[in-house]
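Right, one structure below, let's go through it.
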């Protein structure tokens, strides 16, 4: 598929599965289906600031060259049909159904992406959110293979068989202010939360709600994204895309752990929210901290914080009541300010201190906690104490 605002080529495949006679299925006279139509449903949800070139309000999934539709007959035979050039750039595609023994009066389901398995079990179509990848900053090209959809056939007049796909997952974009470097992976994690990383859907389900319901096979408290070509300058904002299974993260804190090519790590956190099926989400981390977890002896060490303001002119007041933590003059580039905190020598027991950043015009407050143990560990994690969508969404 491709995006309306710029070209994205995703492989888009679909298949019809003959499910036998069902109450919710097609109920035309028993003759051949004349036309089969597949219609893509666009994701609803959060939008990115209109000043950017990436406008989610206009995000559309469209047919493109190389897309294929598959059909599974009631006998289990699977056929492949390439999308014709006439339908490139369209959200629908039509096929002549008369040559494929698709019988009016039967019930059919469809799904995407196509599984090239001639022994496919339609009651357990595999779904996996493992192996996601992204090339460069702010690229959606990798999520097409994980944009699972399914539909039941409807029967308008004149022998047509229509499928309007329902999206199963939730596309997420995470924007994270980062230091300079090349990044190789992102881990999205929430303790005590189980993501469905592998599951199945039942194409023989009797309702559409049951059709898009994922039966878990493998659960995890994290999702991973492999990054290539993600080289960022100091003070820039890395934008990462993941397709996430439906999950309610309301009241939970999402931790984002970025790993650079040299093995060092950057951590950011933000407030979670409900992430239902067919709903795109935009999360903007206002701070990141590095090192994410760094061995610093009792002689002291340094922690860097990258802070993104909601507007260029918004002043930030820094507050820290701990004498053993001191801040240098921030380096500011546009919306992003980088702070370097020096942690003094610790000759005593484990200790921790809070550093707060407050925007004077908006009242938004971010607090990080710096912990120092005698053994020499510093940990800093922070996130704005407000709606995770606050701020500029570049």
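The values are calculated or read from the model by the stated rules, or taken from the named source; none is laboratory data. A quick note: this is a predicted structure, and the numbers were derived from the prediction, not measured. Glycine gets a Cβ as well: all are built from the backbone with ideal geometry, and neighbour counts include every protein chain shown.
Selection of segment 355-378 for residues being surrounded by fewer than 21 Cβ atoms within 10 Å (Cβ to Cβ) and modelled with pLDDT of 85 or more yields 356, 358. I'm trying to understand the selection: among the residues of segment 190-224, which are at pLDDT below 95, closer than 18 Å to residue 122 by Cβ and not in a loop (DSSP other than H, G, I, E, B)? Of everything in segment 190-224, those that are at pLDDT below 95, closer than 18 Å to residue 122 by Cβ and not in a loop (DSSP other than H, G, I, E, B) turn out to be 201, 208, 209, 210, 211.
Applying the criterion of being more than 21 Å from residue 233 (Cβ to Cβ) and without any contact (Cβ under 8 Å) to a residue 24 or more places away in the chain to the residues of segment 314-346, the residue that is surrounded by the most Cβ atoms within 10 Å (Cβ to Cβ) is 326.
Against the criterion of being more than 15 Å from the chain's Cα centre (by Cα) and surrounded by 19 or more Cβ atoms within 10 Å (Cβ to Cβ), residue 165 qualifies. Starting from residues that are more than 11 Å from the chain's Cα centre (by Cα) and crowded, with 20+ Cβ neighbours inside 10 Å, keep the ones in segment 145-161 and report whichever is modelled with the lowest pLDDT. Going through the qualifying residues, I end up with 153. Just to be sure before I move on: is residue 112 in the same structural domain as residue 214 (by TED's automatic domain parsing), under 30 Å from residue 185 (Cβ atoms), touching a helix residue (DSSP H, G or I) at 6+ places or on another chain (Cβ under 8 Å) and at pLDDT 75 or above in the structure I sent? So residue 112 does not fit the description; no. Residue-level check: of (1) over 27 Å from residue 260 (Cα atoms); (2) in contact with a helix residue (DSSP H, G or I) (Cβ under 9 Å, 6 or more places away or on another chain); (3) at pLDDT 90 or above, residue 173 misses just (1).
The selection criterion, being surrounded by 20 or more Cβ atoms within 10 Å (Cβ to Cβ), closer than 20 Å to residue 289 by Cα and within 13 Å of the chain's Cα centre (by Cα), holds for residue 188.
Out of the residues in segment 225-258 that are more than 18 Å from the chain's Cα centre (by Cα) and in a strand (DSSP E or B), which is surrounded by the fewest Cβ atoms within 10 Å (Cβ to Cβ)? So the residue we want is 229.
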